[in-house]
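**Q** For reference, the structure I am asking about is given below.
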Amino acid sequence: MYNASNLRKGLKILLDKEPYVVVDFQFTKPGKGQALYRCKLRNMINGIMIDRTYRSVDSFESANLEQRKMQYLYNQEGHFYFMDQETYDQSALSVEQVGDAKNFLIDNLEVDVLLFDGIPIGLTLPNFVDLLVTHADPWAKGDSVAGDSKPVTLETGYTLRVPPFIEEGIKITVDTRTGEYVTRVK
Amino acid sequence: MSPGSSDQSSLLERQTLSSKSPTLWLRARLIQAIRHFFTEKNYLEVETPYLIPAPAPEFHIDAVAVGAGFLHTSPELCMKRLLAAGYPRIFQICKCFRQGERGGRHLPEFTLLEWYRAEADYLGLMDECEEMVVFVLEELGLPPVLEVQDKTLDLQRPWLRFTVQEAFEQYASTPLEQAIANGRFDKTLVVEVEPHLGFPKPVFLCNYPSALAALARLSMDDPGVAERFELYLAGVELANAFSELTDPDEQRARFEMEMAKRKQHGKTVYPMPEKFLRALPFMPESAGIALGVDRLVMLLSHQKEIDRVVSFTPEEL
C-alpha cells in the first residue's frame, strides 16, 4: 500500500486493476486547504496517459510487477517470443508492446521482460547492442551535402546515420535509448 | 568523485545562480515598490518573530518545530496583537515556513507580504490590493497588460469579483454543497475551477463556505459564508484575505475544532495561543491579507517555476 505522500516520478501503482507508472507529479495546495498531488500516469499495458489528482488521504495498491531475464528467440505473425533464462518458459509480446525495441532485437539477445501478475507487458533492452550493417552506400568524396555522416541499414532493418568509414559487413554498437551510433565494434 | 566532476558541478551551480540575475533584480525592485506603496499610505512596517511558541492551529498547515517552539507559518497572530494594541495600519514582508510544501508554486520557506487595516473589511482590501499591484507595475515600468504563459493578463482596474458559489456553478462538475460534504472542495477547486480564474482580468474569489475559514468573520447577510477572498491572477492563487474574526469565544471554539482535527489525524497539536486570544477583544473591526511575493514575481517575470524567482531552493543548498 502507498499513500499520496509516497507519490513520485517512476512509482508504479495499481489503478482499476491495471499497472500505471507516475510520469509527472506536482504538489499543490489551495490557500488554507489540503495538500493535493496532481499526477500524469501512463498505463503500463496500453501506454495510454491519464491525469489524476489525489488527496493526502487517498491510498493505492502497489502493482504486482516482476522483471525477468529472457532471451529473444524469434518473431512470428505479429508476436515476439522470448525464453526465460531460468525456467525456460516461453513468453510472447505483441508488436505494439515491443514498439521501437524491434529495431534492436537480434536472435539470442538478453533483455528484461516486465511481467504484471505473471503476464508479459513490456521489455527493457540493454543500453548498448551490437548490430551488423547489411547495407551501406560507398562514401562518395565531395558528397558533403549531409555533412560527415551517411545512412546505413542494419540486420534488423533499422536505418541510422553513421560516420563515412562504416561499410557493409561491419558490426557497430548502437545506443538503444537514443537509437544513435556509438562506435565500430573491433 | 574526481576533481574534474566537482569543478563541473560547481560551474553548473554558479551558472544556474547567475542565470537568475534578471529575476532577482526584478524581485528586489518589486519589494522596494511594495514598501514604497505602503509607506506612502502611512502604513507602519513591522517585524514580528519567526520563532514562536504557538502557531495558529489550522488543520492543513503544518509548522516546522524548532527547539521548544515553531517557525511561524504566517505572522498573523503577532500582527493582530499589534492591531489590538492600537496600530491601525501595519504591513510586513517576511519569510514564512510550512512543512512539506514543495511544488512548482510552493516552497517550504517562502516570502509573504501581509498587511492589516483597522476599520476596513474584505471589500476595502480588494480595492487596496488592486491599487497596490497597479502601483507596483508602474514603479517597475511594466505595462498594465502582460502576456503570461501565452495568455493575456489585463491588470487594469477594476478586477472581477465572483463568489465561490458562482464559480462552482460555472466551472465545477459537482455542486458546491456536495463537494464540501464529500471532502472534495479543494480538489474540485484546484482541478476544475482555478484554471479558469484570472484570465484576462484578475479575479477575487470570495464568500467562502463558513467551514473553510478558521480566522474569518462570517457574513452579516449570509452566515453560511465567511468574508474571505482569494485573489487569482492567470490561474495562480496570489493572496488570501478576510474580514477578521474579533469574537474571542468564537475564535477559541474554532481553534479547538482545528486542534481536535489535527489530533485525530495524528498531527502535532500546538499550544493554544492564549496571549492572542486575550488580545482579541481589543482588536478593532479590521481586515487582513497575505500575498505570496514569490508568486507575484513569477507572474511579472514570466517564470513557470517558483524555483526561478528565489536565489536558492532547498534542494540547491
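The values are calculated or read from the model by the stated rules, or taken from the named source; none is laboratory data. Quick caveat, the model's predicted, so the values are computed rather than measured. Because the Cβ atoms are built from the backbone with ideal geometry, glycine has one as well, and the counts that use them run over all protein chains shown.
**Q** Keeping to the range B:95-113, report how many residues are within 13 Å of another protein chain (Cβ to nearest Cβ), assigned to a strand (DSSP E or B) and under 15 Å from the mean Cα position of the chain (by Cα).
**A** Summing the residues that are within 13 Å of another protein chain (Cβ to nearest Cβ), assigned to a strand (DSSP E or B) and under 15 Å from the mean Cα position of the chain (by Cα) in the range B:95-113 gives 4.
**Q** Now for a different question. I'd like to know if the range B:158-165 contains one or more residues that are crowded, with 21+ Cβ neighbours inside 10 Å and in a helix (DSSP H, G or I).
**A** Within the range B:158-165, one or more residues are crowded, with 21+ Cβ neighbours inside 10 Å and in a helix (DSSP H, G or I).
**Q** Moving on to the next point. Just a yes or no: is a residue in the range B:181-200 in contact (Cβ under 8 Å) with a residue 40 or more places away in the chain, more than 10 Å from chain A (Cβ to nearest Cβ), crowded, with 17+ Cβ neighbours inside 10 Å and not β-branched (V, I, T)?
**A** Among the residues of the range B:181-200, at least one is in contact (Cβ under 8 Å) with a residue 40 or more places away in the chain, more than 10 Å from chain A (Cβ to nearest Cβ), crowded, with 17+ Cβ neighbours inside 10 Å and not β-branched (V, I, T), which makes the answer yes.
**Q** Additional query: Kindly provide the set of residues from the range B:32-51 that are aromatic (F, W, Y) and either part of a loop (DSSP other than H, G, I, E, B) or within 14 Å of chain A (Cβ to nearest Cβ) (or both), ordered by number.
**A** The answer is B:Y43, B:Y50.
**Q** Against the condition surrounded by 15 or more Cβ atoms within 10 Å (Cβ to Cβ), more than 14 Å from chain B (Cβ to nearest Cβ) and either more than 23 Å from the chain's Cα centre (by Cα) or modelled with pLDDT of 95 or more (or both), how does A:V111 come out, does it pass?
**A** Yes: the conditions hold for A:V111.
Here's the yes/no breakdown for (1) more than 14 Å from chain B (Cβ to nearest Cβ); (2) surrounded by 14 or more Cβ atoms within 10 Å (Cβ to Cβ); (3) not acidic (D, E):
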| site | (1), (2), (3) |
| --- | --- |
| A:L7 | no, yes, yes |
| A:V23 | yes, no, yes |
| A:G31 | no, yes, yes |
| A:N43 | yes, yes, yes |
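**Q** Can you tell me which residues in the range B:208-229 are surrounded by fewer than 23 Cβ atoms within 10 Å (Cβ to Cβ) and either within 14 Å of chain A (Cβ to nearest Cβ) or assigned to a strand (DSSP E or B) (or both)?
**A** B:P209, B:S210, B:A211, B:L212, B:A213, B:A214, B:L215, B:L218, B:V225
**Q** Looking at (1) crowded, with 21+ Cβ neighbours inside 10 Å; (2) within 11 Å of chain A (Cβ to nearest Cβ); (3) of a type outside the set (D, E); (4) out of contact with any Pro (no Cβ under 7 Å at 6 or more places or on another chain), which is the only condition B:Y232 fails?
**A** (4)
**Q** How about the range A:1-77: which strands (runs of 3 or more DSSP E) wholly inside it have at least 3 residues that are free of Cβ contacts under 8 Å to residues at least 40 places away in the same chain?
**A** A:18-28, A:36-43, A:49-55, A:65-76
**Q** Also, quick follow-up: Please specify each residue of the range B:166-175 satisfying the condition of being within 28 Å of B:E128 (Cβ to Cβ) and either surrounded by 15 or more Cβ atoms within 10 Å (Cβ to Cβ) or modelled with pLDDT under 95 (or both).
**A** Answer for the range B:166-175, where residues must be within 28 Å of B:E128 (Cβ to Cβ) and either surrounded by 15 or more Cβ atoms within 10 Å (Cβ to Cβ) or modelled with pLDDT under 95 (or both): B:A167, B:F168, B:Y171.
**Q** Turning to a different aspect of this structure: Filter the range B:238-285 down to residues that are in a loop (DSSP other than H, G, I, E, B), touching a helix residue (DSSP H, G or I) at 6+ places or on another chain (Cβ under 9 Å), away from chain A (no Cβ under 14 Å) and more than 14 Å from B:H60 (Cβ to Cβ), then give me how many there are.
**A** 7
**Q** Is it true that some residue in the range B:52-74 is within 14 Å of chain A (Cβ to nearest Cβ), more than 21 Å from B:L317 (Cα to Cα), in contact with an Asp or Glu (Cβ under 7 Å, 6 or more places away or on another chain) and charged (D, E, K, R)?
**A** Yes, there is a match, as at least one residue in the range B:52-74 is within 14 Å of chain A (Cβ to nearest Cβ), more than 21 Å from B:L317 (Cα to Cα), in contact with an Asp or Glu (Cβ under 7 Å, 6 or more places away or on another chain) and charged (D, E, K, R).
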